[in-house]
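Below is one structure; the comments refer to it alone.
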Amino acid sequence: MIVVKIDEAFIRTELVFTDLLKRSEAFPRLTLIHNHSEETCEVFLSQVGSNERLTIPPGETSELFVCESGKTKVTVTSCGQRVEKTIELDPPRRIEFNLLMFSHVDLGYTTTISEVEKLQARYSSTAIDYYRESLEFPEESRFRWNIETTWALSCFDKKSSPSEREKIRDLLKSGEFGIGALYLHHYADRTEFEELFHSLRKARSLKAEGIEVRSAFLSDVPGMSTGLLELLVNIGVENLFMSINNFVAPFKEFTNLRTPFFWRLPGGGRVLVWITDDPKWAYIEGYRFFESDLANLRREILAKLTELDGRNYGPPVYAIPMAIDNREPVFTPVKMIEEWNLTWSNPRITTATINGFFDRLRPFCADLEEAEGEFNGWWTSNILAYPRENSLSSKVFSRLHEASLLNYISDGECLEEIESNFEKLSGFDEHSGGGGLYLSNDPEKILEAVSQGFGWVFQASRGADDTLKALRERVFGSGELITVLNPTGHTRNDFCVMGCDDPDLRLFKGDGTEVPSLFYDGNLYFDPGKLVAFEHRSFLAERVSKEIPDTSLSEGDFEISTPDFDLSFNDRGELVSAVSKKDNTEIVSPGSSAGKMKIVRQPVNPAGNLVDAVNHEELYTGKVPAGLIEDYLSLKCGHRVFESSWGVAVEFEPIDKYCRPFKKTYLLPAGRGEIILKVRFNYIYGVGPSDFVFLEIPLNAENPEVCYSSPGRITRLEELISGSGADALTVLGALRIEDSDGRSFNIGMEGVNLVDFESPSPLGFRRFLANSGRLYFRLFSGNLQNRFASPYLNGEPLNFAVRLSGRSLELCEYSSIVRHPLSAFKSGAKTTSARLTEIRASEHVELFFGNDSSNNAAVFAKEVSGKRGHIFTGEGKGYTLEPFGFISISEQPEGSI
C-alpha cells in the first residue's frame, strides 16, 4: 500500500492507496483519506480520466476509488492554505490469502481426553457434510478441512462407518481435505527420537494408502527438534506449519527469523517453514477475520496488508489459520469468501488445505533465508508440574526399547502391543501433559481429566511391563537366574541396578566368583562386567547373611577417600570439594558447593492467568519481574556410610527426625571415576504455586564448551535457532562440559530434563544461554500441587539423580548409558548364544527396532554425532551412515529364535 502524508501548519492529511481492488470497476483501487487537521479539508485527487473532490470534516476518514497506478496529483486546501503533491502511483500488491480451517487438538484444557476424542471424530463427520453443502459455491470458497493430527483422524476411524472412512480418504487423496503428519503436538525436544519415530506410524500407514502426507502442523507449542524434522523428511514431509503461542514464550520478541524460511537439517535435508505472525492469536487468528461480517473482514485485511508492508513480506500468497482448541468446524467463511471475491478482485481469498497452501507458496521461495539448529522449547518446563510421571515416562521408554529388541529377534507377535504402548507414551509426552482442565472449575471433571491424561503413561507402563515380561520368558525362559542384558548396539562396561528387597542377596558368576555389589535403599548395585552389543549374561543368586550395618546418623563435616576421589562434605549434605586422583584437579568450583538446593519464588503464576492470557502483556513480551532466589531446605544433616567391594554410598538426612523432607545420597562406584548424587523429596515443604526448585552443581570450569543430547543428535549449546527458549536447556540423558584446558565432564540426568546455566532463571526470558560450568537442574515447580495435579502418585516421594563422570567416554556413549540402563531380571537358561543378534554399530550410531513403511521387521540406525557411522549385521554385511544419517535395514535377524 502507498501512504502519502501531508503535514503543514494547518493541514495534516494522510492518503492511503490500499491494495484492495474492486471488481469490474474502471477505477478499482480503494483509497482512504484521513483528515487529522483541526479544520475541514478540501481534497482534490486527479488522475488520467478521473477527477475527484471530497470535503472531509476534522478527525474524519473518507474513501474513494481511483486508478490502479499512474501519475496522481493531490491537492489539499484548508484555512486558506493550499498544498499540492504529485506522485507516480505504483501498482498494488497482488496477493492471495489462504484460509486454513482446522480444530486444534488439545488433550484436556477444554474438556476430558475421552470427550476430545468424541469431538474430533464428530468434527471430521461435520466437515464432510459441510464439504458436500459447499459444492454449489465457487471452487475458491469451497469448504476445505484440515485434520490437524493423525490422532484426530484415528478418533474418526474408531467411530465411523466403512463408507465414512472411505469418503474421508477420498477427500484426502483428492486434496480437498488436508492432514497433518504429527500424531500429536509433542514436546519435541523432550521426546526420544525412537519414540517420535513410532508416533509417525499412522502417517506412514496413510502414505501406504496413497494419501499425500507432505506437511505437518505444530500448533501451540513453541519448540521443535531437528530429530523430529528429520523423521518427518524421512516419510516425505516437506513443509511445517507452526502456530506458535507466545504465552510465556516471547518468540516473536526474541527471533530474527521471518516467515517463511527454510530449516536446514543436520543430515542435509531442509523443510519449508511457516510461522504464524500473531504472537497472541497464533492459530486462532482466522476468527478475527471471519467472526462477524464483511466490514470487519475488510478492516482485518487492511490491517494485515499494512503489517505485511511493514516487514517487507514478499510472496504473493499468505496463510490465515483458523482454529480454536477442540472447536467445531464453521461454515460461515464459505459464504463470506464468496461474497468477498464477488466484490473484490484483490486480495483474493480462498480456502486451502495445508498441502495446497505450501504448493502455492513454494514457487516464490527460491531465495528464502535458511535457519539451522535446534528450537529449544519454551514450554518444556511444564513437565516440572509432574516430575514423577516425567521420570516414569523415561523408564517406560527404555522398557519399550528393550521390548522392541526382543520382539525383533523372536517371532514379532508383540508388535501391536508395543506400538499401542508407544502411542500412549507419546500421547503423554505431548504439550498437554496430564490433560488438566483450565476452562472448568468442576472438581469431578478436573479429576476425570487428569485421571485420563496421566493415565496414558501408567497404561503404557503396565502394558510395557506385561509385554516385556512375556518376551523375556519367551527368549530367556523362566527361572531363578539373574540375567543382565545390554539393550544397545554398543559395548558397555557400566554398573547395573536391580530392585531388591533382600539385603543379604549376592550374585555369583558361573565359576563361583562373587560379583561386586552393594545393597542400598531397596536396590542392588553390581558390576556385570563388559557386555558387547545386545549381549546378555546370567548370574546365580544366593542369600549370604552379613553383619547388620550401623544406621545411626553421624554429625558434622565429613571427608572420605575412594579409589577415584578425595571428597569433603559440609553438615548440609553438600559436596564442597572433590579432587580427582587421576589428575589431582578440583571438580567443584572454588568457594561453592555441589548439591545445594535453590528455590526461585516467582511474582507471577502463569497457570493462574491462562483464561485471560491475552490480557497479560508481560507474559508475551518477556517482561515478567525477576524472581527471588533463596537457599531451599538448608537444614543441618547427619550422615551414614554404606561400603562394599562395589563402592560407597554416603547418605545425608536432616538431624531433626520430625522434619525430614529430603534425603541426599552420593553413590561412589569404585574405579569408575563417577559421582552420582541422588535426591529424594519425601514431601513438599514451603513451595508456592509459582515457585521452582533447583539443584545446584557448580563445576570448576570457566567459559566451557557445552554440548548435549537431543532427539537423534548431539549438539552444541550455541546451535539454537533464533528465538529459542533461553531460560533453560532441554536435555535428553546427558550433557558435556569441556573447559579450555581440555578437561571434560559428562553429566547424566535421571528424572531431570532441564538445566539453567550461570543462575536459575525460570521465566527469565534470556536471549542467550551462557556457556557456564555453574549448573542449576530444574527439579519441580509448585504447580504439581495445584488442581491439575496427578491423582496417581500424589504424595509419593520425588526422586532425581545427577551423575558426574570424568571417564573418557564420548557424550553419545554416556547419554546412551543413562537413557538405556542395563536391564536385570529373573530368567531361565533357555538361550544358548550370549548375543541375541549379530547386529552392532559404531559408538555414535543409535539402533532401535520396529517395522518399516512396508510393515517389514527392520533395524533402524541414527548417526548422532556428525561423523560417518557404521552398522554391521553379521556374516560380513555392513552399512555406512553419512553424518546425522538415518536408515532402516530389513533383514532376517541373525540369531533369532
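Key figures
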| read-out | value |
| --- | --- |
| Residue list for region 563-588, restricted to those being surrounded by 19 or more Cβ atoms within 10 Å (Cβ to Cβ) and assigned to a loop (DSSP other than H, G, I, E, B) | Asp564, Arg572, Gly573, Glu574, Ile587 |
| Among the candidates Asp527, Asp494, Asp502, residue that is open to solvent by less than 70 Å² (accessible area, probe 1.4 Å), in contact with a helix residue (DSSP H, G or I) (Cβ under 6 Å, 6 or more places away or on another chain) and within 20 Å of Ser645 (Cα to Cα) | Asp494 |
| Subset of region 652-682 [of a type in the set (Phe, Trp, Tyr) and touching a residue at least 40 places away in the same chain (Cβ under 8 Å)] | Phe652, Phe662, Tyr666, Phe681 |
| Residue within region 116-133 that is in contact (Cβ under 8 Å) with a residue 60 or more places away in the chain, over 26 Å from Leu32 (Cβ atoms) and part of a loop (DSSP other than H, G, I, E, B) present | no |
| Matching residues in region 674-690 - criterion: being under 23 Å from Thr380 (Cα atoms) and open to solvent by less than 10 Å² (accessible area, probe 1.4 Å) | Val679, Phe681 |
| Any hit, region 190-212, residues being at pLDDT 95 or above, within 30 Å of Pro347 (Cβ to Cβ) and in a helix (DSSP H, G or I) | no |
| Residue count for region 760-781, restricted to those that are more than 12 Å from Ser381 (Cα to Cα) and within 23 Å of the chain's Cα centre (by Cα) | 11 |
| Hits in region 831-840 (condition: surrounded by 20 or more Cβ atoms within 10 Å (Cβ to Cβ) and not hydrophobic (A, V, I, L, M, F, W, C)) | Thr837, Arg840 |
| In region 803-830, the residues that are open to solvent by less than 20 Å² (accessible area, probe 1.4 Å) and among the hydroxyl-bearing types (Ser, Thr, Tyr) | Ser805, Tyr814, Ser815, Ser816, Ser823, Ser827 |
| Number of the exception - Gly49 against (1) modelled with pLDDT under 95; (2) in contact with a strand residue (DSSP E or B) (Cβ under 8 Å, 6 or more places away or on another chain); (3) closer than 19 Å to Thr86 by Cα | (2) |
| Qualifying residue in region 490-513 (condition: over 32 Å from the mean Cα position of the chain (by Cα), among the basic types (Lys, Arg) and either assigned to a loop (DSSP other than H, G, I, E, B) or farther than 30 Å from Phe848 by Cα (or both)) | yes |
| The one condition in (1) touching a Lys or Arg at 6+ places or on another chain (Cβ under 9 Å); (2) charged (D, E, K, R); (3) modelled with pLDDT under 90; (4) over 22 Å from Val755 (Cβ atoms) that Arg807 fails to fulfil | (4) |
| All positions within region 134-173 that are within 25 Å of Leu184 (Cβ to Cβ), among the small types (Gly, Ala, Ser) and assigned to a helix (DSSP H, G or I) | Ala152, Ser154 |
| Residue ranges of strands (runs of 3 or more DSSP E) in region 10-113 with at least 1 members of a type outside the set (D, E, K, R), at positive phi and open to solvent by less than 30 Å² (accessible area, probe 1.4 Å) | 70-78 |
| Only listed residue being within 24 Å of Gly688 (Cα to Cα), surrounded by fewer than 24 Cβ atoms within 10 Å (Cβ to Cβ) and out of contact with any Ser or Thr (no Cβ under 8 Å at 6 or more places or on another chain), chosen from Ala770, Ala789 | Ala789 |
| Residues located in region 520-530, provided they are in contact (Cβ under 8 Å) with a residue 24 or more places away in the chain and either out of contact with any strand residue (DSSP E or B) (no Cβ under 6 Å at 6 or more places or on another chain) or assigned to a loop (DSSP other than H, G, I, E, B) (or both) | Asp521, Asp527, Pro528, Gly529, Lys530 |
| Total residues in region 409-424, condition modelled with pLDDT of 95 or more and assigned to a helix (DSSP H, G or I) | 10 |
| Region 622-640, residues that are more than 25 Å from Cys659 (Cβ to Cβ), surrounded by 13 or more Cβ atoms within 10 Å (Cβ to Cβ) and not small (Gly, Ala, Ser) | Val624 |
| Region 605-621 - residue that is at pLDDT below 85 and open to solvent by less than 20 Å² (accessible area, probe 1.4 Å) and, of those, farthest from Arg572 (Cα to Cα) | Ala613 |
| Region 847-858, subset out of contact with any helix residue (DSSP H, G or I) (no Cβ under 7 Å at 6 or more places or on another chain) and part of a strand (DSSP E or B), residue farthest from Ser710 (Cα to Cα) | Ala858 |
| Residues within region 362-408 that are touching a Leu at 6+ places or on another chain (Cβ under 9 Å), of a type outside the set (Ser, Thr, Tyr) and assigned to a loop (DSSP other than H, G, I, E, B), tallied | 5 |
| Members of region 255-264 found to be open to solvent by less than 20 Å² (accessible area, probe 1.4 Å) and farther than 17 Å from Gly377 by Cα, listed by number | Thr259, Pro260, Phe261, Phe262 |
| Residue within region 644-657 that is more than 19 Å from Gly556 (Cβ to Cβ), modelled with pLDDT of 95 or more and touching an Asp or Glu at 6+ places or on another chain (Cβ under 7 Å) present | yes |
| From the options Ser842, Ser823, Ser853, residue that is more than 30 Å from Glu702 (Cα to Cα), touching a Lys or Arg at 6+ places or on another chain (Cβ under 6 Å) and modelled with pLDDT of 85 or more | Ser853 |
| Lone qualifier among Lys280, Lys252 - being charged (D, E, K, R), assigned to a loop (DSSP other than H, G, I, E, B) and surrounded by 16 or more Cβ atoms within 10 Å (Cβ to Cβ) | Lys280 |
| Residue in region 378-397 that is farther than 15 Å from Phe97 by Cβ, surrounded by fewer than 19 Cβ atoms within 10 Å (Cβ to Cβ) and at pLDDT 95 or above present | yes |
| Yes/no for Trp263 being assigned to a strand (DSSP E or B), farther than 26 Å from Glu192 by Cβ and touching a residue at least 60 places away in the same chain (Cβ under 8 Å) | no |
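For every residue, the table says whether it meets (1) in contact (Cβ under 8 Å) with a residue 12 or more places away in the chain; (2) in a helix (DSSP H, G or I); (3) on the phi > 0 side of the Ramachandran plot; (4) more than 25 Å from the chain's Cα centre (by Cα).
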residue	(1), (2), (3), (4)
Glu444	no, yes, no, yes
Gly455	yes, yes, no, no
Gln459	yes, yes, no, no
Arg462	no, yes, no, no
Thr467	yes, yes, no, yes
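The values are calculated or read from the model by the stated rules, or taken from the named source; none is laboratory data. Bear in mind that the values here come from a model prediction, so they are computed numbers and not experimental data. We place every Cβ from the backbone using ideal geometry, glycine too, and count neighbours over all the protein chains shown. Accessible surface is based on the protein model in full, side chains and every heavy atom, while ligands, DNA and RNA are left aside. Shrake-Rupley method; radii C 1.70, N 1.55, O 1.52, S 1.80 Å.
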